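Report on the structure given below.
The values are calculated or read from the model by the stated rules, or taken from the named source; none is laboratory data. A quick note: this is a predicted structure, and the numbers were derived from the prediction, not measured. Positions of Cβ are generated from backbone atoms using ideal geometry, with glycine treated the same way; all protein chains shown enter the neighbour counts. All accessible areas refer to the heavy atoms of the entire protein, side chains included, with ligands and DNA or RNA removed. Shrake-Rupley method; radii C 1.70, N 1.55, O 1.52, S 1.80 Å.
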Amino acid sequence: MHYYIQADRFFFPEGSKTNGYLEVQNGKIVQYLTEKPDGEILDYRGKWIAPGLVDTHIHGFANHDVMDCDFDGIKEISKALLSCGVTSFLPTTLTASVDKLNQVAEMIGEHFQEVEGAKIQGIFFEGPFFTEQYKGAQNPIYFLDPDLTVFEQWQKRAHGLIRKIAIAPERSGAVEFIQEVTKQGVTVALAHSAATYQQAKEAVEAGALVFVHAYNGMSGLNHREPGMVGCAMNTEHTIAEMICDGHHVHPAAAEIFLKVKTPEHIALITDCMRAGGMPDGEYSLGEFPVTVKEGTARLSSGNLAGSILQLFQGVKNVVDWNIATIEEAIHMASFVPAKSVHIEKQCGSILPGLSADFLVLSPEMTLLETYLDGVSSYHLK
Ligand SMILES: [Zn+2]
(Lines give C-alpha, C1' and ligand atoms only; values in the text may rest on other atoms or scores of the structure.)
Protein backbone atom coordinates (compact mmCIF):
# COMPACT_ATOMS: atom_id res chain seq x y z
CA MET A 1 0.00 0.00 0.00
CA HIS A 2 1.50 3.29 -1.14
CA TYR A 3 -0.42 6.43 -2.07
CA TYR A 4 -0.67 10.17 -1.63
CA ILE A 5 -3.70 11.99 -0.23
CA GLN A 6 -4.30 15.25 -2.07
CA ALA A 7 -6.54 17.71 -0.21
CA ASP A 8 -7.18 21.42 0.33
CA ARG A 9 -6.22 21.52 3.98
CA PHE A 10 -4.32 19.32 6.44
CA PHE A 11 -4.45 19.79 10.22
CA PHE A 12 -1.11 19.44 12.02
CA PRO A 13 -0.37 20.08 15.71
CA GLU A 14 1.27 23.43 14.82
CA GLY A 15 -1.62 24.52 12.59
CA SER A 16 -3.01 23.72 9.16
CA LYS A 17 -1.28 23.55 5.78
CA THR A 18 -3.04 23.98 2.47
CA ASN A 19 -3.00 22.33 -0.97
CA GLY A 20 -0.52 19.56 -0.26
CA TYR A 21 -0.04 15.81 -0.38
CA LEU A 22 0.24 13.35 2.47
CA GLU A 23 2.27 10.23 1.69
CA VAL A 24 0.98 6.98 3.18
CA GLN A 25 2.82 3.68 3.01
CA ASN A 26 1.92 0.38 4.66
CA GLY A 27 -0.55 2.04 6.99
CA LYS A 28 1.86 4.72 8.18
CA ILE A 29 2.25 8.39 7.42
CA VAL A 30 5.55 9.00 5.63
CA GLN A 31 5.68 12.74 4.93
CA TYR A 32 3.83 15.86 3.83
CA LEU A 33 4.69 17.29 0.42
CA THR A 34 3.88 20.62 -1.17
CA GLU A 35 4.84 19.54 -4.72
CA LYS A 36 2.82 17.01 -6.72
CA PRO A 37 4.56 13.61 -6.39
CA ASP A 38 4.66 10.70 -8.87
CA GLY A 39 2.54 7.76 -7.81
CA GLU A 40 -1.04 6.93 -6.92
CA ILE A 41 -2.97 10.01 -5.76
CA LEU A 42 -6.28 9.81 -3.89
CA ASP A 43 -8.07 12.97 -4.93
CA TYR A 44 -9.71 14.75 -1.99
CA ARG A 45 -9.56 18.21 -3.50
CA GLY A 46 -12.24 20.41 -1.91
CA LYS A 47 -11.89 18.47 1.35
CA TRP A 48 -9.86 18.59 4.54
CA ILE A 49 -7.72 15.98 6.32
CA ALA A 50 -7.63 15.92 10.13
CA PRO A 51 -6.05 13.47 12.56
CA GLY A 52 -8.32 10.75 13.94
CA LEU A 53 -9.70 11.91 17.28
CA VAL A 54 -8.53 10.47 20.60
CA ASP A 55 -11.13 10.02 23.37
CA THR A 56 -9.33 9.59 26.68
CA HIS A 57 -12.52 9.41 28.78
CA ILE A 58 -15.32 7.21 27.47
CA HIS A 59 -17.38 4.62 29.34
CA GLY A 60 -19.50 3.23 26.56
CA PHE A 61 -21.33 3.63 23.27
CA ALA A 62 -23.84 1.78 21.07
CA ASN A 63 -25.56 0.21 24.10
CA HIS A 64 -22.36 -1.30 25.51
CA ASP A 65 -20.39 -0.27 28.59
CA VAL A 66 -16.83 -1.10 29.59
CA MET A 67 -18.13 -2.27 32.99
CA ASP A 68 -20.30 -4.94 31.30
CA CYS A 69 -17.03 -6.89 31.28
CA ASP A 70 -17.84 -8.28 27.86
CA PHE A 71 -15.14 -7.82 25.26
CA ASP A 72 -17.55 -8.38 22.37
CA GLY A 73 -19.30 -5.22 23.57
CA ILE A 74 -16.01 -3.31 23.58
CA LYS A 75 -15.44 -4.48 20.01
CA GLU A 76 -18.81 -3.00 19.08
CA ILE A 77 -17.89 0.28 20.80
CA SER A 78 -14.60 0.33 18.89
CA LYS A 79 -16.31 -0.13 15.51
CA ALA A 80 -19.08 2.37 16.20
CA LEU A 81 -16.61 5.07 17.32
CA LEU A 82 -15.27 5.41 13.76
CA SER A 83 -18.53 7.23 12.91
CA CYS A 84 -17.68 9.76 15.67
CA GLY A 85 -14.26 10.43 14.14
CA VAL A 86 -12.54 8.57 16.98
CA THR A 87 -9.65 6.29 15.96
CA SER A 88 -8.06 5.83 19.42
CA PHE A 89 -9.64 5.64 22.85
CA LEU A 90 -9.12 4.76 26.48
CA PRO A 91 -11.95 2.47 27.66
CA THR A 92 -12.93 4.02 30.99
CA THR A 93 -13.99 2.21 34.15
CA LEU A 94 -16.35 3.42 36.87
CA THR A 95 -16.02 3.06 40.61
CA ALA A 96 -16.72 -0.58 41.49
CA SER A 97 -15.42 -3.28 43.82
CA VAL A 98 -11.72 -4.12 43.65
CA ASP A 99 -12.67 -7.56 42.28
CA LYS A 100 -14.89 -6.20 39.55
CA LEU A 101 -12.11 -3.83 38.49
CA ASN A 102 -9.71 -6.79 38.50
CA GLN A 103 -11.94 -8.54 35.98
CA VAL A 104 -12.30 -5.50 33.74
CA ALA A 105 -8.55 -4.82 33.78
CA GLU A 106 -7.81 -8.42 32.89
CA MET A 107 -10.38 -8.57 30.11
CA ILE A 108 -9.05 -5.45 28.38
CA GLY A 109 -5.39 -6.32 29.03
CA GLU A 110 -5.83 -9.72 27.38
CA HIS A 111 -7.97 -8.75 24.41
CA PHE A 112 -7.26 -5.11 23.56
CA GLN A 113 -5.53 -5.94 20.29
CA GLU A 114 -8.63 -7.71 18.95
CA VAL A 115 -10.63 -4.56 18.24
CA GLU A 116 -11.24 -3.76 14.57
CA GLY A 117 -12.26 -0.10 14.83
CA ALA A 118 -10.90 2.65 17.06
CA LYS A 119 -7.75 1.38 18.78
CA ILE A 120 -7.45 0.81 22.50
CA GLN A 121 -4.38 2.85 23.54
CA GLY A 122 -4.76 2.29 27.26
CA ILE A 123 -7.32 2.16 30.06
CA PHE A 124 -8.58 5.06 32.16
CA PHE A 125 -9.48 4.07 35.72
CA GLU A 126 -12.06 6.63 36.85
CA GLY A 127 -12.03 5.75 40.55
CA PRO A 128 -12.49 4.27 43.02
CA PHE A 129 -10.33 6.63 45.18
CA PHE A 130 -12.94 9.41 45.36
CA THR A 131 -14.87 11.59 47.82
CA GLU A 132 -18.59 11.24 48.50
CA GLN A 133 -19.47 14.94 48.36
CA TYR A 134 -18.76 15.12 44.61
CA LYS A 135 -19.63 11.54 43.75
CA GLY A 136 -21.55 12.31 40.53
CA ALA A 137 -22.64 8.93 39.19
CA GLN A 138 -19.83 7.05 40.96
CA ASN A 139 -21.03 4.56 43.59
CA PRO A 140 -19.71 5.75 47.00
CA ILE A 141 -20.00 2.35 48.70
CA TYR A 142 -16.81 1.36 46.85
CA PHE A 143 -14.79 4.52 47.59
CA LEU A 144 -11.35 3.88 49.15
CA ASP A 145 -8.17 5.71 50.03
CA PRO A 146 -5.52 5.53 47.27
CA ASP A 147 -3.76 2.19 47.60
CA LEU A 148 -0.61 1.35 45.63
CA THR A 149 -0.85 -2.37 46.24
CA VAL A 150 -4.35 -2.48 44.82
CA PHE A 151 -3.31 -0.31 41.86
CA GLU A 152 -0.35 -2.53 41.07
CA GLN A 153 -2.63 -5.54 41.08
CA TRP A 154 -4.93 -3.89 38.50
CA GLN A 155 -2.00 -2.79 36.41
CA LYS A 156 -0.56 -6.32 36.38
CA ARG A 157 -3.88 -7.79 35.28
CA ALA A 158 -4.19 -5.07 32.64
CA HIS A 159 -0.75 -6.02 31.24
CA GLY A 160 0.44 -2.47 32.04
CA LEU A 161 -2.33 -0.89 29.97
CA ILE A 162 -3.65 1.52 32.64
CA ARG A 163 -2.52 4.94 31.37
CA LYS A 164 -4.56 7.22 33.58
CA ILE A 165 -6.17 6.99 37.01
CA ALA A 166 -8.40 9.58 38.64
CA ILE A 167 -8.30 10.22 42.38
CA ALA A 168 -9.56 12.74 44.93
CA PRO A 169 -6.38 14.39 46.25
CA GLU A 170 -7.72 15.05 49.76
CA ARG A 171 -7.86 11.32 50.53
CA SER A 172 -5.23 9.95 52.84
CA GLY A 173 -2.06 8.80 51.08
CA ALA A 174 -2.81 10.72 47.88
CA VAL A 175 0.51 12.53 47.55
CA GLU A 176 2.58 9.37 47.93
CA PHE A 177 0.28 7.54 45.51
CA ILE A 178 0.59 10.30 42.90
CA GLN A 179 4.38 10.37 43.15
CA GLU A 180 4.73 6.62 42.70
CA VAL A 181 2.14 6.16 39.94
CA THR A 182 3.50 9.13 38.00
CA LYS A 183 6.97 7.61 38.20
CA GLN A 184 5.54 4.54 36.45
CA GLY A 185 4.45 6.73 33.53
CA VAL A 186 0.76 6.68 34.41
CA THR A 187 -1.10 9.99 34.31
CA VAL A 188 -2.80 10.95 37.56
CA ALA A 189 -6.00 12.90 37.10
CA LEU A 190 -7.98 14.72 39.79
CA ALA A 191 -11.73 14.29 40.08
CA HIS A 192 -14.82 13.69 42.18
CA SER A 193 -13.22 15.68 44.93
CA ALA A 194 -13.96 18.34 47.50
CA ALA A 195 -10.26 19.29 47.67
CA THR A 196 -9.25 22.77 48.73
CA TYR A 197 -7.06 24.82 46.42
CA GLN A 198 -4.07 23.92 48.61
CA GLN A 199 -4.78 20.18 48.52
CA ALA A 200 -5.20 20.24 44.76
CA LYS A 201 -2.00 22.29 44.39
CA GLU A 202 -0.03 19.76 46.44
CA ALA A 203 -1.35 17.00 44.20
CA VAL A 204 -0.19 18.87 41.11
CA GLU A 205 3.20 19.44 42.71
CA ALA A 206 3.38 15.69 43.37
CA GLY A 207 2.80 15.06 39.64
CA ALA A 208 -0.95 15.05 38.95
CA LEU A 209 -1.41 16.34 35.40
CA VAL A 210 -5.07 16.21 34.43
CA PHE A 211 -8.31 17.65 35.81
CA VAL A 212 -11.21 15.34 34.93
CA HIS A 213 -14.31 16.87 33.24
CA ALA A 214 -13.48 20.38 34.47
CA TYR A 215 -16.07 22.13 36.61
CA ASN A 216 -17.97 18.85 37.09
CA GLY A 217 -17.40 16.66 40.14
CA MET A 218 -15.01 19.10 41.83
CA SER A 219 -14.97 21.99 44.30
CA GLY A 220 -15.75 25.18 42.41
CA LEU A 221 -13.95 28.51 42.21
CA ASN A 222 -14.77 30.75 45.14
CA HIS A 223 -12.87 33.95 45.72
CA ARG A 224 -11.96 32.95 49.28
CA GLU A 225 -11.41 29.24 48.53
CA PRO A 226 -10.42 28.78 44.89
CA GLY A 227 -10.92 24.98 45.09
CA MET A 228 -10.11 22.46 42.37
CA VAL A 229 -11.41 24.67 39.58
CA GLY A 230 -9.15 27.48 40.78
CA CYS A 231 -6.20 25.09 40.87
CA ALA A 232 -6.91 23.86 37.33
CA MET A 233 -6.97 27.47 36.15
CA ASN A 234 -3.88 28.52 38.05
CA THR A 235 -1.51 25.66 37.15
CA GLU A 236 -0.38 26.51 33.66
CA HIS A 237 1.03 23.15 32.55
CA THR A 238 -1.90 20.96 33.67
CA ILE A 239 -4.47 19.70 31.19
CA ALA A 240 -8.19 20.03 31.85
CA GLU A 241 -10.73 17.70 30.28
CA MET A 242 -13.95 19.35 29.12
CA ILE A 243 -17.27 17.82 28.08
CA CYS A 244 -18.52 20.28 25.46
CA ASP A 245 -22.04 18.95 24.95
CA GLY A 246 -23.68 22.21 26.07
CA HIS A 247 -25.10 20.55 29.21
CA HIS A 248 -22.06 19.84 31.41
CA VAL A 249 -20.43 23.24 30.94
CA HIS A 250 -22.02 26.52 29.83
CA PRO A 251 -20.33 27.75 26.64
CA ALA A 252 -19.22 30.92 28.47
CA ALA A 253 -17.65 28.84 31.27
CA ALA A 254 -15.88 26.76 28.61
CA GLU A 255 -14.67 29.99 26.99
CA ILE A 256 -13.27 31.28 30.30
CA PHE A 257 -11.37 28.03 30.76
CA LEU A 258 -10.01 28.20 27.25
CA LYS A 259 -8.84 31.77 27.72
CA VAL A 260 -7.11 30.94 30.97
CA LYS A 261 -5.52 27.62 29.99
CA THR A 262 -5.18 28.01 26.17
CA PRO A 263 -6.16 25.22 23.73
CA GLU A 264 -2.79 23.54 24.33
CA HIS A 265 -4.05 22.54 27.78
CA ILE A 266 -7.67 21.56 27.15
CA ALA A 267 -8.62 18.00 26.19
CA LEU A 268 -12.07 17.57 24.72
CA ILE A 269 -13.54 14.29 25.92
CA THR A 270 -17.01 12.78 25.88
CA ASP A 271 -17.49 10.87 29.18
CA CYS A 272 -20.01 9.04 26.98
CA MET A 273 -22.07 6.23 28.51
CA ARG A 274 -23.80 3.31 26.81
CA ALA A 275 -26.64 5.40 25.37
CA GLY A 276 -24.26 7.23 23.00
CA GLY A 277 -25.46 6.62 19.44
CA MET A 278 -28.76 5.19 20.78
CA PRO A 279 -32.33 6.55 20.97
CA ASP A 280 -33.69 8.26 24.11
CA GLY A 281 -34.95 5.92 26.84
CA GLU A 282 -34.01 4.07 30.02
CA TYR A 283 -30.42 2.87 30.38
CA SER A 284 -27.95 2.26 33.21
CA LEU A 285 -24.55 3.52 34.32
CA GLY A 286 -22.78 1.11 36.63
CA GLU A 287 -25.44 -0.03 39.07
CA PHE A 288 -27.68 3.04 38.63
CA PRO A 289 -30.68 3.49 36.31
CA VAL A 290 -30.32 6.46 33.98
CA THR A 291 -32.87 8.33 31.86
CA VAL A 292 -31.68 9.62 28.50
CA LYS A 293 -33.59 12.47 26.89
CA GLU A 294 -33.00 15.88 25.30
CA GLY A 295 -29.28 15.27 24.96
CA THR A 296 -28.60 14.35 28.59
CA ALA A 297 -28.22 11.19 30.69
CA ARG A 298 -29.46 11.67 34.25
CA LEU A 299 -29.84 9.71 37.50
CA SER A 300 -33.25 9.79 39.20
CA SER A 301 -31.78 12.56 41.42
CA GLY A 302 -31.40 14.71 38.30
CA ASN A 303 -27.59 14.54 38.43
CA LEU A 304 -25.86 14.15 35.09
CA ALA A 305 -24.59 10.58 34.61
CA GLY A 306 -21.99 10.79 31.91
CA SER A 307 -22.99 12.11 28.50
CA ILE A 308 -24.21 10.91 25.13
CA LEU A 309 -21.83 13.25 23.33
CA GLN A 310 -19.97 12.10 20.23
CA LEU A 311 -16.48 13.56 20.12
CA PHE A 312 -16.73 15.01 16.61
CA GLN A 313 -19.87 16.85 17.75
CA GLY A 314 -17.89 18.28 20.68
CA VAL A 315 -15.35 19.61 18.18
CA LYS A 316 -18.14 21.20 16.14
CA ASN A 317 -19.77 22.66 19.26
CA VAL A 318 -16.75 24.69 20.38
CA VAL A 319 -16.44 26.05 16.84
CA ASP A 320 -20.17 26.87 16.73
CA TRP A 321 -19.92 28.59 20.13
CA ASN A 322 -17.19 30.78 18.64
CA ILE A 323 -14.77 29.95 21.42
CA ALA A 324 -12.15 28.11 19.33
CA THR A 325 -10.94 28.01 15.75
CA ILE A 326 -11.35 24.78 13.77
CA GLU A 327 -7.61 24.14 14.15
CA GLU A 328 -7.82 24.59 17.91
CA ALA A 329 -10.95 22.45 18.20
CA ILE A 330 -9.37 19.54 16.33
CA HIS A 331 -6.13 19.92 18.27
CA MET A 332 -8.01 19.73 21.60
CA ALA A 333 -9.65 16.44 20.55
CA SER A 334 -6.58 14.74 19.08
CA PHE A 335 -3.06 15.88 20.00
CA VAL A 336 -3.77 17.31 23.47
CA PRO A 337 -5.66 14.27 24.84
CA ALA A 338 -2.96 11.99 23.37
CA LYS A 339 -0.26 14.07 25.06
CA SER A 340 -2.16 14.07 28.36
CA VAL A 341 -1.59 10.30 28.63
CA HIS A 342 1.79 10.23 26.87
CA ILE A 343 0.63 8.47 23.70
CA GLU A 344 1.32 11.31 21.26
CA LYS A 345 3.96 9.13 19.54
CA GLN A 346 1.23 6.56 18.79
CA CYS A 347 -1.76 8.68 17.82
CA GLY A 348 -3.33 12.13 17.82
CA SER A 349 -1.66 13.70 14.78
CA ILE A 350 -0.79 13.12 11.13
CA LEU A 351 2.94 13.56 11.69
CA PRO A 352 5.42 11.25 9.91
CA GLY A 353 5.86 7.83 11.49
CA LEU A 354 2.41 7.62 13.04
CA SER A 355 -0.31 5.23 11.93
CA ALA A 356 -2.36 6.70 9.09
CA ASP A 357 -5.48 7.22 11.21
CA PHE A 358 -7.18 10.31 9.80
CA LEU A 359 -10.49 11.93 8.93
CA VAL A 360 -11.81 13.38 5.69
CA LEU A 361 -13.95 16.45 6.39
CA SER A 362 -15.97 18.79 4.24
CA PRO A 363 -15.26 22.51 4.74
CA GLU A 364 -18.71 22.65 6.41
CA MET A 365 -17.29 20.32 9.09
CA THR A 366 -19.12 17.16 8.07
CA LEU A 367 -17.25 13.95 8.82
CA LEU A 368 -17.17 12.14 5.46
CA GLU A 369 -14.69 9.34 5.99
CA THR A 370 -12.50 7.78 8.69
CA TYR A 371 -9.21 6.09 7.77
CA LEU A 372 -7.58 3.51 9.99
CA ASP A 373 -4.01 2.36 9.24
CA GLY A 374 -4.33 3.91 5.80
CA VAL A 375 -7.58 2.09 4.96
CA SER A 376 -10.93 3.85 4.56
CA SER A 377 -12.90 2.19 7.38
CA TYR A 378 -15.99 4.39 7.73
CA HIS A 379 -17.87 6.27 5.04
CA LEU A 380 -20.77 8.65 5.64
CA LYS A 381 -23.88 7.08 4.08
ZN1 LIG B 1 -16.63 11.44 36.31
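Could you state the number of Å between the C-alpha centres of region 117-157 and region 315-376?
27 Å
Accessible area of region 140-212 with a 1.4 Å probe: how many percent of it is carbon plus sulfur?
Carbon with sulfur: 47 percent of the solvent-accessible area.
Rounded to the nearest 500 deg cm²/dmol, what is the calculated helix-only ellipticity per residue at 222 nm for the chain, with -39500 (n - 2.57) per DSSP H run of length n ≥ 4?
-7500 deg cm²/dmol
Just want to confirm a number: the relative contact order over region 178-226, from Cα pairs under 8 angstrom separated by 6+ residues, in percent.
After rounding, I find 45 percent.
Suppose every K and R has +1 on its Cβ and every D and E has -1 on its Cβ; what is the size of the dipole of region 247-381 about the Cα centre, in Debye to the nearest 20?
180 debye
Calculate what fraction, in whole %, of the accessible area of region 327-381 sits on carbon and sulfur atoms when a 1.4 Å probe is rolled over the protein chains.
57 percent
How large is the accessible surface of K79 in square angstrom, using a 1.4 angstrom probe and rounding to the nearest 10?
For K79, the solvent-accessible surface is approximately 90 Å².
Might you report the magnitude of the Cβ-based charge dipole of region 174-270 about its Cα centre, with Lys and Arg at +1 and Asp and Glu at -1, to the nearest 20 debye?
140 debye
Name the residue farthest towards the positive end of the dipole of region 107-233 from the options G220, Y134, A194, assuming +1 on Cβ of Lys and Arg, -1 on Cβ of Asp and Glu, about the Cα centre.
Result: G220.
Work out from phi, with θ = phi - 60° and the Karplus expression 6.51 cos²θ - 1.76 cosθ + 1.60, the ³J(HN,Hα) of each residue of region 139-146, listed in order in whole Hz, and give x for Gly and Pro.
Values, residue by residue: 7, x, 5, 9, 5, 9, 6, x Hz.
Any lysines with Cα under 29 Å of the K381 Cα? List them, leaving off those in the same chain fewer than 8 positions away.
Within reach: K17, K28, K47, K75, K79, K119, K293, K316.
Say the dipole of region 1-92 comes from +1 at the beta carbon of Lys and Arg and -1 at that of Asp and Glu; which of L81, T18, Y3 then lies farthest toward its positive end?
Among L81, T18, Y3, the one farthest towards the positive end of the dipole of region 1-92 is T18.
Set the bar at 27 Å for Cα to Cα. Now go through K100/K135; K36/K339; K201/K259 and name every pair that lies beyond it.
K36/K339
Short version: ³J(HN,Hα) in whole Hz for each residue of region 35-42, in order, from phi by Karplus 6.51 cos²θ - 1.76 cosθ + 1.60 (θ = phi - 60°), x for Gly and Pro, what are they?
Per residue, the Karplus-derived 3J(HN,Hα) values read 9, 5, x, 7, x, 6, 10, 8 Hz.
Among DSSP beta bridges whose residues both lie in the chain, state the antiparallel percentage, nearest 5.
The answer is about 55 percent antiparallel.
On average, how much accessible surface per residue is there in region 1-92, in Å², for a 1.4 Å probe, leaving out ligands, DNA and RNA?
Spelled out: the 1.4 Å probe surface of region 1-92, per residue, equals 37 Å².
How high is the relative contact order of region 267-381, in percent, with contacts defined as C-alpha pairs under 8 Å that are six or more residues apart?
17 percent
Assign unit charges at the C-beta atoms only (+1 for Lys and Arg, -1 for Asp and Glu), then state the dipole size of region 129-209 relative to its Cα centre in Debye, rounded to the nearest 20.
Value, rounded to 20: 360 debye.
I'd like to know how the chain sits against the 2.2 N^0.38 Å rule of thumb: what's its Cα Rg over that expected value?
0.95
Relative contact order, percent, of the chain when contacts are C-alpha pairs under 8 Å separated by at least 6 residues?
Reported as a whole number, the value is 20 percent.
Hand me the GluC sites (Glu not before Pro) from region 228-326 located in a DSSP loop with no more than 14 other Cβ atoms within 10 Å, in residue order please.
Taking region 228-326 and a limit of 14 other Cβ atoms within 10 Å, the loop GluC sites (Glu not before Pro) found are E236, E287, E294.
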